[in-house]
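The values are calculated or read from the model by the stated rules, or taken from the named source; none is laboratory data. The shown structure was predicted, so the numbers you read here are calculated from the model rather than taken from an experiment. For neighbour counting, all protein chains shown are included, and Cβ atoms are generated from backbone atoms with ideal geometry for every residue, glycine included. Just so you know, the surface numbers come from the protein's heavy atoms only, side chains and all, with ligands and any DNA or RNA stripped out. Shrake-Rupley method; radii C 1.70, N 1.55, O 1.52, S 1.80 Å.
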Amino acid sequence: MAKSNRCGFALPAILGILALTSLACATVWRVQWVNQQLLNVHALQIRNQEIAEGVLPLVLQDIFGESKLSSATADTATTLRHVAGTDAQTHAFFPTTAQERDKLQLRLGAAMCLTGICAPKTLSNLKAEQWHSLLGQSQPVSVADLPSSDVSAFYWIEVWLDARASEQASSSLLTEAKSAFIYRITVLVKEAPSSWVSAPYKLLPNTLVMQAIWSPATDKALIGQWHSRKLLV
């Protein structure tokens with residue numbers, strides 16, 4: 001009778017141990033899966049940061065009008081980005097004088113930017129999600145300039161008057177006029193949904209926003225200084 005009782009207690013104990021072992025294995029597997037997904041997200045963030053770094057030279061080419069297109073093949077939209085045009089025109093452009101920046105502000109009206117060109121009246125430090133909400137006012141990066149089809153990139157260029165330019169312009173040591181502007185550039189890199197959905201779980205879309213400040217040495221050459229680069233959250 002005692003032997004039968006011992007057998008009766010042993011079987012539930014063994015089943016309980018097996019259940020705990022299975023639960024522990026499932027927990028370890030889930031932890032490993034989560035860690036793998038976090039590593040994947042981190043790897044994508046590193047890649048997106050490199051893409052954003054690669055977009056910055058394209059932005060400078062846009063500012064100075066030195067695109068890969070020759071003057072014979074450049075489209076009208078590209079040309080208009082560097083010409084103020086008449087008062088009847090409404091396109092955004094890169095100003096070359098303080099007066100042209102005032103004109104650009106009038107064209108923008110209540111909007112912060114138009115086709116990626118911005119002339120804000122006051123300095124605003126927007127968060128990443130706020131820039132994402134302004135995609136309709138951004139300039140998209142051509143797919144041909146991106147390393148993969150599962151990622152897209154956009155940018156905004158804030159044109160600010162450089163207070164130091166007028167002081168340095170009066171110096172007799174300068175042989176070329178310093179640019180009257182300083183540019184704050186914001187680049188947003190966004191993953192396509194197909195690259196971040198992983199059944200049966202879904203990770204948040206991997207979006208990275210980088211911001212940098214560029215101060216050109218002159219208004220005619222792609223020579224200048226990066227004052228800061230940071231990732232926005």
Self-check item: Filter pass, Asp87 being open to solvent by less than 50 Å² (accessible area, probe 1.4 Å), charged (D, E, K, R), touching a helix residue (DSSP H, G or I) at 6+ places or on another chain (Cβ under 9 Å) and at pLDDT 80 or above
Solution: no
Quiz item: Hey, among Lys178, Lys202, which residue is charged (D, E, K, R), farther than 30 Å from Gln99 by Cα and either at pLDDT below 90 or buried (at least 16 other Cβ atoms within 10 Å of the Cβ) (or both)?
Solution: Lys202
Self-check item: Count - residues of the range 91-117 that are over 20 Å from Gly65 (Cβ atoms) and part of a loop (DSSP other than H, G, I, E, B)
Solution: 4
